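These notes are about the structure you will find just below.
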Amino acid sequence: MFLVHLWNYIRGYVIIIAKGDGIERFINICTRRQILLWDIARKDSDSVVMKASLRGFMLMRPAARKSGCRVRIIKKCGLPFFLHRFRRRRGFKVGLLFFAVLIVLFTSMIWEIEIRGCSRNVAQQIMKVLDDRDIGKGSFKIGLDPNRIAADILLNVDDVAWAGVQIQGVKMTISVQNIIPRPEVVDEDQYCSLVAERDGLITKIEVLAGTLKVKEGDTVTKGQLLVSGRLESQYPEFGTKNVHALGKITARTWYDIRVPLSYEHTKRIRTGRTHENTYIRILNMKIGLFGNRNAFDLYDSVSYDRTVSGPFNSEFPIGLTVEKQYEVTEKKVKLTAEEAEALALENARLALSKELSPDCRVLDERVNILKSETGDTCLELILECEEDIAGKEPLGGD
């Protein structure tokens, strides 16, 4: 129904009133001659208000004479009459033409890129592939081959097994399927043993190949042999056989670090003074407006975008970027004992987290405050963990 009203508005129509005793005959004659009338409403006993197209109004005069009715236009509606009012205004015509060209231009470009079915890391790799080929927001759809783009993604992104690219309107949708991780292939011809990668207390043993040299509850040191890759027979005359040792040796391990306590801390304090810089954003370009500057020697900044939204939740590739600067000053402040310990503990945890293996599980955490003979105070952090400590070591000899 909306499209019918839109089409009538584009073609133009008139609201008319027909008066006379033969109104029903007038409507019947128009219907037989395929003159479209709609929104017919009786005004009184001898008059009816209705709508008709411009062409239909020109063809209904014979029907009016034959039925003895008088037809008069009440109102002219639609795009032709709207444009007729501005026929002598050149600026309006130029603006309308510019607007039409702008609409055609924008509908020929990619405004939005959506990537589905993958992790953030893979999505970043896909965006890099698109950037290398100058494909992004603002790229023209003409010349873009979805099959070629999908092939480039498959060739340049390792973790993608399948990729599909679809362009609908101003949106490009990239759907991908990640590769199922390939299981580790063991080369049985590379003989090795398993040794401890760090000190620990063994809590669980799983051996798939090799000769076990330790048992649960044993304390081992770094480099100690856990599973030998040399199989020995019960009968000496059969000799030995070398294998690729396989297994998982879970042990409790300990990590510790000492961080000196500092009772002074440099703090950034906002003064309350602010300054805003505004940029016009067109596609991937930012154009600074007059008056943009770094107003302060030392400041924190926060940026946010204001995007022009279109129909159907789409976004135009134009907008504003506002950067707000907050003036700050650096001031050394005295810390209480609790604040100094909390800051040192945070730094200690951050430092130890870089040493832990991905499969390491923290079981317990102990914090000690120590004082040296010179009077310096430090915080000691000890983590009790559980992890696989088995590491491969090539087996010498045949």
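Taking every residue in the range 131-151 that is free of Cβ contacts under 8 Å to residues at least 40 places away in the same chain and pairing it with any residue that is outside any loop (DSSP other than H, G, I, E, B) and polar (S, T, N, Q), at least 6 positions away or on another chain, the pairs with Cβ-Cβ distances below 7 Å are Pro146/Gln166. Quick one: Ser175 ticks every box in (1) modelled with pLDDT of 90 or more; (2) out of contact with any Lys or Arg (no Cβ under 6 Å at 6 or more places or on another chain) bar one, so which box is it? Of (1) modelled with pLDDT of 90 or more; (2) out of contact with any Lys or Arg (no Cβ under 6 Å at 6 or more places or on another chain), only one is false for Ser175: (2).
Among the residues of the range 61-74, is there at least one that is assigned to a helix (DSSP H, G or I) and either at pLDDT below 85 or outside the structural domain of Thr31 (by TED's automatic domain parsing) (or both)? So far as the range 61-74 goes, no, none of its residues is assigned to a helix (DSSP H, G or I) and either at pLDDT below 85 or outside the structural domain of Thr31 (by TED's automatic domain parsing) (or both). Restricting attention to the range 1-23, which residues are in a helix (DSSP H, G or I) and more than 60 Å from the chain's Cα centre (by Cα)? Hit for the range 1-23 is Ile23, nothing else.
Would you confirm whether any residue within the range 24-35 is part of a strand (DSSP E or B) and either closer than 30 Å to Ile135 by Cα or in contact (Cβ under 8 Å) with a residue 24 or more places away in the chain (or both)? Checked against the condition, which is being part of a strand (DSSP E or B) and either closer than 30 Å to Ile135 by Cα or in contact (Cβ under 8 Å) with a residue 24 or more places away in the chain (or both), the range 24-35 yields no hits at all. Scanning the range 96-119 for residues that are small (Gly, Ala, Ser) and in contact with a strand residue (DSSP E or B) (Cβ under 7 Å, 6 or more places away or on another chain) returns Ser108, Gly117.
Sub-9 Å Cβ pairs linking a first residue in the range 90-102 that is more than 18 Å from Ile318 (Cβ to Cβ) to a second residue that is surrounded by 12 or more Cβ atoms within 10 Å (Cβ to Cβ), at least 6 apart or interchain, are Phe92/Leu83; Phe92/Phe86; Lys93/Leu83; Lys93/Phe86; Leu96/Leu83; Leu96/Phe86, ordered by first then second residue.
Applying the criterion of at least 2 residues that are among the charged types (D, E, K, R), farther than 30 Å from Arg198 by Cα and touching a residue at least 12 places away in the same chain (Cβ under 8 Å) to the strands (runs of 3 or more DSSP E) found wholly in the range 231-291 leaves 264-282.
Out of Lys141, Lys137, Lys93, one residue alone is of a type outside the set (Gly, Ala, Ser) and out of contact with any strand residue (DSSP E or B) (no Cβ under 9 Å at 6 or more places or on another chain). It is Lys93. Among the residues of the range 296-325, those identified as modelled with pLDDT under 70 and hydroxyl-bearing (Ser, Thr, Tyr) are Ser309, Ser314. Determine, yes or no, whether Leu395 is buried (at least 17 other Cβ atoms within 10 Å of the Cβ), at pLDDT below 90 and on the phi < 0 side of the Ramachandran plot. So Leu395 passes the test. Within the range 107-137, being surrounded by fewer than 16 Cβ atoms within 10 Å (Cβ to Cβ) and more than 16 Å from the chain's Cα centre (by Cα) holds for Thr107, Ser108, Asp132, Arg133, Asp134. For the range 213-245, a tally of residues being aliphatic (A, V, I, L, M) and modelled with pLDDT under 90 returns 3.
The values are calculated or read from the model by the stated rules, or taken from the named source; none is laboratory data. All values reported here derive from a predicted model rather than from experimental measurement. Note that each Cβ is placed from the backbone with ideal geometry, even for glycine, and that neighbours are counted across all protein chains shown.
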